[in-house]
Amino acid sequence: MPGPPQFDLVCDREIYTSHVNMMTMAGLMIGSVTSGGLSDRFGRKKAFLFLTWVHFVAAFAAAFVPSVFVFLALRMVLTSSCVGFFASACVMSMEVVSSRKRTLAGMVLMFGWSAGMFMLVIAAFLIRDWQTLQLVLVIPLAIVAVTYIWLFPESPRWLLSKGRFSEADAIFKTMAKVNKRELPEKMLMADLCRAESSDSNDDTQLEKEESPTKIKGQSVLRLFLSPVLLLRLLILAFGW
């Protein structure tokens, strides 16, 4: 992956072209490791919006980089924030549907990514100046960063895990209204958890009599303690 042409990355400076790839992969690693904890602690919406704004600022600044060193630093920020907000969006899409619909939700999400790659190729063909192209690509980020403050709801499942039942209930009612469904006036959170558990084929089962106040979050260590989750983790790691 070459850098901007004005940095003249040839001859004795050609080594910096490999640094571009190195910083890109370093950013992906940092974003993959930190984004999960960020969204678990502060919420899917806050993590998504924060990382989107970070990506927007870094992408805009990348069009005016004064040196190759600043460009390399921004590459790491861009890739770490990109994988971070995409991971938050992916988790969110999984948490607003039942376990039976998660495969479809993941496919729809990745379709958006694939469509974006196709549009990037067309934009790069029509806009040959890399700085102009960079600024054009910032426009969708600006729209998302602003409009999603109101359009992007918090994950109701995350709210339940934090004991914020009234907020989760409001989101469930909004979802039901959009889908033209009716919810019982008083829906127990334990009932929701049991319904989710019965839909899932995973090895994790919730206690049927567990009260809403006893619902606990999960630790990342569960990935290594569960044979099923560990196998899936290894398959995904090998694929990447």
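Taken together, the values in this text are just the output of simple stated rules run on the coordinates, not laboratory data. Please read these numbers as outputs of a predicted model, since none were measured by experiment. Positions of Cβ are backbone-derived with ideal geometry, glycine not excepted, and every protein chain shown enters the neighbour counts.
Observations on the structure shown:
- Ranked packing of 168-181, 21-34, 225-238, 80-93, most packed first, by mean Cβ within 10 Å: 80-93, 21-34, 168-181, 225-238
- Overall form of segment 14-72 per C-alpha gyration tensor (a/c, 1.5; a/b vs b/c): oblate
- In nm, spacing of pseudo-spin labels at Met22 and Glu182 (7 Å Cα→C-beta vector): 6.5
- Spin-label zone in segment 64-99 - amide nitrogen under 11 Å from a point set 7 Å from the Cα of Tyr148 along the C-beta vector: 82-93
- Bins of 5 Å from zero: percent of alpha-carbon pairs in segment 5-152: 2, 9, 15, 19, 22, 15, 9, 5, 3, 1, 0, 0
- Neighbour cut-off at most 12 other Cβ (10 Å), DSSP loop, chymotrypsin sites (Phe, Trp or Tyr not before Pro), segment 12-65: Phe64
- A straight chain from Ala237 to Ala115 at 0.36 nm per residue would run longer than the Cα-Cα distance by 41.5 nm.
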